[in-house]
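A.B. asks: Structure incoming, see below.
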Amino acid sequence: MKERLEQLKQEALQKVDQATEVQSLKDVRVEYLGKKGPITEVLRGMGKLSKEERPVIGQLANEVREQIADAIESKQTKMEEEALEKQLEEESVDVTLPGRPVQVGGPHLLTSIVEEIEDLFIGMGFEIKEGPEVETDYYNFEALNLPKGHPARDMQDSFYITEELLLRTHTSPVQARTMGHKNGKEPVKMICPGKVYRRDTDDATHSHQFTQIEGLLVDKHVRMSDLKGVLNAFAKQMFGEDRDIRLRPSFFPFTEPSVEMDISCKVCGGKGCSVCKGTGWIEILGAGMVHPNVLEMAGYDPEEYSGFAFGMGPERIAMLKYGVDDIRHFYTNDIRFLKQYHKA
Ligand code: DAH
């Protein structure tokens, strides 16, 4: 009996030793220590033993059982520890690795330029106004002294929605809208930034959609020198104190007289180079004294009131200020282009 127990012990311990999975340990437990296992069988057969043998074999059987149980237990603990160790190793985070940088966005170059121009005019006491992008033929043309059939309508090829509705071709209709709300009496001093649309074929300097900033000042005794003073202050703050401006005669149906404003070329300082096409000057915006017909249609008495207006393209201003060579950069939105203008 003793030998049998000793042999069972050896067998079981060897199996425990060789076990590589928790399941095989469980199998060993069932096989050797289970109710139908050989040790239980030995204990059951004790009745057949002599009185002297009984306690000896009983004690031995219990010892063997405990030894096997202990071996299973410690092997299982070891396995669990190893598994945990492995898992920790696999899931460990290397805290010394550099972190992934967070991508921080910033305002679009055009947004920055428009805000810069707005701030500048707010500083001179102008209000910011807005108007609709879908505009009536009346405000876009008629109220600006461009009656139906006027040849200057062709200057601005338009996207018509119906006979009477179109995508505005300029921000000038906001002049008529703003004046129209004032009962022909109160002064107006506003700028209006916004999107405009034209049936143009896109290239480096033309776009079917771009931005304009309109300006309008109406009051008693407004003169051309006031216009020049405001534009000069704007140009110097926007482009630098060392830049000069000049006004050239031009034509717009809604202003009389009409001018175009140039600034001196920064690249050559006015001597003439490829940027200014040899003239020393770069065209910036259109302006003029509000046409008496426009004042009258908006309810102002042109004998009593006068005003000046101007219109500029922020894309063009950004292009000149930052040397951007293609207007399409503003709407293709290549992040590499835009990023260059994010302020740190
Ligand atoms: N609306 C004109 C355009 O889109 C720009 C312009 C010129 C606006 C002269 C004005 C102005 O207010 O006085 O070409």
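The values are calculated or read from the model by the stated rules, or taken from the named source; none is laboratory data. Note that the coordinates shown come from a computational prediction; the quantities given were computed from them, not determined experimentally. Every residue, glycine among them, receives a Cβ derived from its backbone with ideal geometry; neighbour counts consider all protein chains shown. Side chains included, ligands, DNA and RNA excluded: accessible areas come from the protein's heavy atoms. Shrake-Rupley method; radii C 1.70, N 1.55, O 1.52, S 1.80 Å.
A.B. asks: For region 218-267, name all the residues that are open to solvent by 10 Å² or more (accessible area, probe 1.4 Å) and in contact with a Cys (Cβ under 7 Å, 6 or more places away or on another chain).
C.D. replies: Once the filter is applied, which keeps residues that are open to solvent by 10 Å² or more (accessible area, probe 1.4 Å) and in contact with a Cys (Cβ under 7 Å, 6 or more places away or on another chain), region 218-267 yields only VAL267.
A.B. asks: Would you point out which residue out of GLU214, GLU256, GLU260 is modelled with pLDDT of 95 or more and over 26 Å from GLY123 (Cα atoms)?
C.D. replies: Among GLU214, GLU256, GLU260, only GLU256 is modelled with pLDDT of 95 or more and over 26 Å from GLY123 (Cα atoms).
A.B. asks: VAL95 - would you say it is in contact with a Leu (Cβ under 9 Å, 6 or more places away or on another chain) and free of Cβ contacts under 8 Å to residues at least 40 places away in the same chain?
C.D. replies: Taking the combined requirement at face value, the residue does not satisfy it.
A.B. asks: So LEU295 clears everything in (1) under 24 Å from LEU217 (Cβ atoms); (2) part of a loop (DSSP other than H, G, I, E, B) except one condition, right? Which one?
C.D. replies: With (1) under 24 Å from LEU217 (Cβ atoms); (2) part of a loop (DSSP other than H, G, I, E, B) applied to LEU295, the lone miss is (2).
A.B. asks: So which residues in region 307-338 are more than 15 Å from the ligand (Cβ to nearest atom), not in a helix (DSSP H, G or I) and not β-branched (Val, Ile, Thr), if there are any at all?
C.D. replies: Within region 307-338, GLY323, ASP325, ASP326, ARG328, ASN333, ASP334 qualify.
A.B. asks: Further question: Could you figure out which of (1) within 12 Å of the ligand (Cβ to nearest atom); (2) in contact with a helix residue (DSSP H, G or I) (Cβ under 7 Å, 6 or more places away or on another chain) isn't true of TYR139?
C.D. replies: Here TYR139 meets the rest and fails (1).
A.B. asks: Sticking with this structure for a sec: Could you figure out which of (1) under 30 Å from ASP202 (Cα atoms); (2) at pLDDT 95 or above; (3) surrounded by fewer than 15 Cβ atoms within 10 Å (Cβ to Cβ) isn't true of GLU315?
C.D. replies: Tallying (1) under 30 Å from ASP202 (Cα atoms); (2) at pLDDT 95 or above; (3) surrounded by fewer than 15 Cβ atoms within 10 Å (Cβ to Cβ), GLU315 fails exactly one: (3).
A.B. asks: Out of LYS195, LYS189, LYS182, which single residue is surrounded by 13 or more Cβ atoms within 10 Å (Cβ to Cβ) and under 27 Å from GLY240 (Cα atoms)?
C.D. replies: Going through LYS195, LYS189, LYS182 in turn, the sole match is LYS189.
A.B. asks: Only residues in region 131-155 that are closer than 13 Å to VAL294 by Cβ and not assigned by TED's automatic domain parsing to the domain that holds GLU296 count as the first member; pair them with residues that are part of a helix (DSSP H, G or I) and among the polar types (S, T, N, Q), Cβ under 8 angstrom, at least 6 apart or cross-chain, and list the lot.
C.D. replies: Final answer for the pair search is none.
A.B. asks: Any residue at all in region 172-186 that's assigned to a loop (DSSP other than H, G, I, E, B), assigned by TED's automatic domain parsing to the domain that holds HIS221 and within 12 Å of the ligand (Cβ to nearest atom)?
C.D. replies: Yes, some residue in region 172-186 is assigned to a loop (DSSP other than H, G, I, E, B), assigned by TED's automatic domain parsing to the domain that holds HIS221 and within 12 Å of the ligand (Cβ to nearest atom).
A.B. asks: To continue, here is another question. Pick out the one residue from ASP70, ASP119 that is without any contact (Cβ under 8 Å) to a residue 12 or more places away in the chain, part of a helix (DSSP H, G or I), of a type in the set (Asp, Glu) and under 30 Å from ILE327 (Cα atoms).
C.D. replies: When all the criteria are applied, what remains is ASP119.
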